[in-house]
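Peer 1: Next up is a structure, given as structure tokens.
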Amino acid sequence: MPSTDFPLSIAGHLVQTPQRGEVINPATGEVLVDYPMAGRQELETAVQCAKAAFASWSGTPWEVRQAKLVELADLIAARQEQFTRLLTLEQGKASSGAEWEIGGCIHWLREVAQQTLPQSVASEGEQGQVLCRHVPLGVVGAITPWNFPLLLAVWKVAPALLTGNTVVVKPSPYTPLCTLWFGELAQRVLPPGVLNIVAGGNELGQWLTEHPDVSKIAFTGSTATGSRVMQSAAGNLKRVTLELGGNDPAIVLPDVDPKSIAEKLFWASFQNSAQFCVATKRLFIHESIYDEVAEALCEYAAGVKIGNGLEADTQLGPLQNQMQYDKVCDLIEDTHRAGLRFLAGGTVVHGNGYFIPITLVDNPPDDARCVVEEAFGPVLPLLKYRDVEEVIARANNTEYGLAASVWGRDLAQAQAIAQRLEAGTVWINQVHQFSPHIAFGGHKQSGLGIENALEGLAEYTNVQTIMGRPL
Ligand code: NAD
């Protein structure tokens, strides 16, 4: 653990409060540490200070803000191992996954720092010169979930700060520690009030989304909460970016080699113990190779080490919290009650940590709960299909539209299928490729708006058109 008491960062001050939240280590079920919870007063101070800091920060040259993002990256990089360990302790993920996430934070800050949104001359015609520029919005509220707590905060903080906004971040009450520590360090390089971190429960998130002095909410979390965020944001017509839930299909075409593809399909689904918005959550396998793929998956799964993420050979950690653990246990019980067959897992041994075995369900009907619901845990339905038209219709038969993948040797065929899938991102023979320069956003009820790329950067701005000519 770093030597800090995880203060809130408000107006450049490091703040403790009498009201405390507890972070549970999900691998042991024990309290790791407590942290200050912000109430209405702390939130109010944070928003007002962010508002006051906006005038100066938005007028700070772009190059200076770019340099500040690089300094933020350096602060994390100088403590990379400590951040990685802290992330495993609070989130539960295996060290390799924590390394990936913390490395991603550094990479994102450095890469976003390279981006620009130059003003352009749209035309020079009868109206004179038409200038199109991007102006910052004001105070941005960033609300994050518990599966990739620091990376998803950085996805919001970096573009918001670069474009000249000031920020109030509210991390998940389950995983506030890395974000609080990042905020504490950030106060060394940012002017007071530019980046504020307030930890707290769901009600704090709601107050932030309702606040009349907040101009935008950048939210990652569940679809149900996203819908509430949109409602509360309506009061002052806040801009919203919503990255929400998914029920991603993977379509495995008949020409793949079952044995060699099993490992890739496994990680597409179970990375981060399947607590991944873009995890494969429905695996459609052509009937001609279904048995072989299922067997190869079971074989691979049997060799995967689940355990405390701090242990060197652990590949998958526990679920992050009791609420999610109970939800996934209930889904497994429902699958038993429905009389469905398990190819792997299906029996949870209740112990100290929130551990769930890798669970594969054998060709359940499309209306089974384990197919329809986003498990957000290691329960994967394997689904048999006969022809391409059928599988496309079944893959699209969901309220979600986050991501999807197609696996097959014939790239043209895979691309043709990809184009017919209702999802914001479709990967072919790969998954989970993200970049600060590639747009990411959900279709249907998986979200609204874009994160990353210049499209994502522009979402932290209003477009201003200035046109005129000499008298
Ligand atoms: P959640 O919606 O319960 O909580 C997310 C955040 O919202 C937390 O900080 C929470 O305190 C806050 N919150 C809760 N109620 C609120 C309200 N009424 N107003 C404002 N804020 C509120 O989600 P979770 O359980 O933390 O995360 C899991 C979900 O996130 C899954 O559905 C997953 O698919 C989704 N997710 C999506 C993406 C993506 O990029 N699309 C990425 C990661 C996770």
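Peer 1: For the stretch 248-428, how many pairs of lysine residues have a Cα-Cα distance under 25 Å, where the two are 8 or more positions apart or belong to different chains?
Peer 2: 10
Peer 1: In the chain, what percent of the accessible surface is made up of carbon and sulfur (1.4 Å probe, ligands and nucleic acids excluded)?
Peer 2: That share works out to 51 percent.
Peer 1: I need the phi-derived Karplus couplings for the stretch 429-436: 6.51 cos²θ - 1.76 cosθ + 1.60, θ = phi - 60°, integer Hz, Gly and Pro marked x.
Peer 2: 6, 6, 8, 6, 8, 10, 7, x
Peer 1: Could you compute the FRET efficiency for ARG341 and SER435, with r as their C-beta to C-beta distance and R0 at 51 Å, rounded to 0.05?
Peer 2: 0.80
Peer 1: Towards the positive end of the charge dipole of the stretch 248-428, with charges on Cβ (+1 Lys, Arg; -1 Asp, Glu), say which of GLY351, VAL406, LEU421 has the farthest Cα.
Peer 2: Value: GLY351.
Peer 1: With an 8 Å cut-off on Cα pairs and a minimum separation of 6 or more residues, tell me the relative contact order of the chain in percent. Don't skip to the answer; put the middle values down first.
Peer 2: Values: 1073 pairs, mean separation 87.0, N = 471.
So the answer I get is 18 percent.
Peer 1: Among the DSSP beta bridges whose two residues both lie in the stretch 248-428, what percent are antiparallel, rounded to the nearest 5?
Peer 2: 10
Peer 1: Further question: Report, by chain and number, residues whose modeled amide H sits under 5 Å from the one on ILE356, excluding near sequence neighbours (fewer than 5 apart, same chain).
Peer 2: Here the answer is LEU319, since their amide H atoms fall under 5 Å of that of ILE356.
Peer 1: Per residue, what accessible area does the chain have, given a 1.4 Å probe and all protein chains present, in Å²?
Peer 2: Spelled out: the 1.4 Å probe surface of the chain, per residue, equals 40 Å².
Peer 1: Relative contact order for the stretch 248-428: what is it in percent, counting Cα pairs under 8 Å that are at least 6 residues apart?
Peer 2: Working: 326 pairs, mean separation 49.3, N = 181.
Result for the stretch 248-428 is 27 percent.
Peer 1: Here's a follow-up. Using θ = phi - 60° and the Karplus form 6.51 cos²θ - 1.76 cosθ + 1.60, what ³J(HN,Hα) does each residue of the stretch 285-291 get, whole Hz, x for Gly and Pro?
Peer 2: Per-residue couplings from phi come out as 10, 4, 4, 5, 10, 3, 4 Hz.
Peer 1: Which value, in Å² rounded to 10, gives the accessible area of TYR325 with a 1.4 Å probe and all protein chains present?
Peer 2: Probe radius 1.4 Å; accessible area of TYR325 about 10 Å².
Peer 1: Just from its helices, what would the mean residue ellipticity at 222 nm be for the chain, if runs of 4 or more DSSP H residues each count -39500 (n - 2.57) and the sum is divided by every residue, rounded to the nearest 500 deg cm²/dmol?
Peer 2: It comes out at -11500 deg cm²/dmol, rounded to the nearest 500.
Peer 1: With a ≥ b ≥ c the root eigenvalues of the C-alpha gyration tensor of the stretch 293-363, is it rounded (a/c under 1.5), prolate (a/b larger than b/c) or oblate?
Peer 2: Values: a/c = 2.84, a/b = 1.16, b/c = 2.46.
Here the stretch 293-363 falls in the oblate category.
Peer 1: For a quick check of your reading of the filter: which trypsin sites (Lys or Arg not before Pro) in the stretch 386-471 sit in a DSSP loop and have no more than 10 other Cβ atoms within 10 Å?
Peer 2: Within the stretch 386-471, the qualifying trypsin sites (Lys or Arg not before Pro) (loop, at most 10 other Cβ atoms within 10 Å) are ARG386.
Peer 1: Continuing with this model, one more query. 5 Å is the cut-off here: which amide hydrogens, built 1.01 Å from N in the peptide plane, fall below it relative to SER405, excluding neighbours closer than 5 in sequence?
Peer 2: Those qualifying (amide H under 5 Å, at least 5 residues apart or on another chain) are ALA250, ILE251, TRP427.
Peer 1: Measure of size requested: the Rg and Dmax of the stretch 248-428, with Cα atoms as the atom set and Å as the unit; please supply both.
Peer 2: Expressed in Å, the Cα Rg and Dmax of the stretch 248-428 come to 15.7, 49.
Peer 1: Further, regarding this structure: Taking 10 °C and 1.306 mPa s as the conditions, I'd like the Stokes-Einstein D for the chain in µm²/s, using the Kirkwood hydrodynamic radius from alpha carbon pairs.
Peer 2: 69
Peer 1: Enumerate the aspartates and glutamates that LYS51 could reach by cross-link, defined here as Cα to Cα under 13 Å, with residues fewer than 8 away along the same chain left out.
Peer 2: ASP213
Peer 1: For Cα pairs less than 8 Å apart in space and 6+ apart in sequence, what is the mean separation divided by the residue count of the stretch 315-380, i.e. the relative contact order in percent?
Peer 2: Once normalised by length, the contact order is 38 percent.
The values are calculated or read from the model by the stated rules, or taken from the named source; none is laboratory data. Nothing here was measured: the structure is a model prediction, and the numbers come from that model. When we count neighbours, we look across all protein chains shown, and the Cβ atoms used for this are built from the backbone with ideal geometry, even at glycine. Keep in mind that these areas ignore ligands, DNA and RNA; they rest on the heavy atoms of the full protein, side chains included. Shrake-Rupley method; radii C 1.70, N 1.55, O 1.52, S 1.80 Å.
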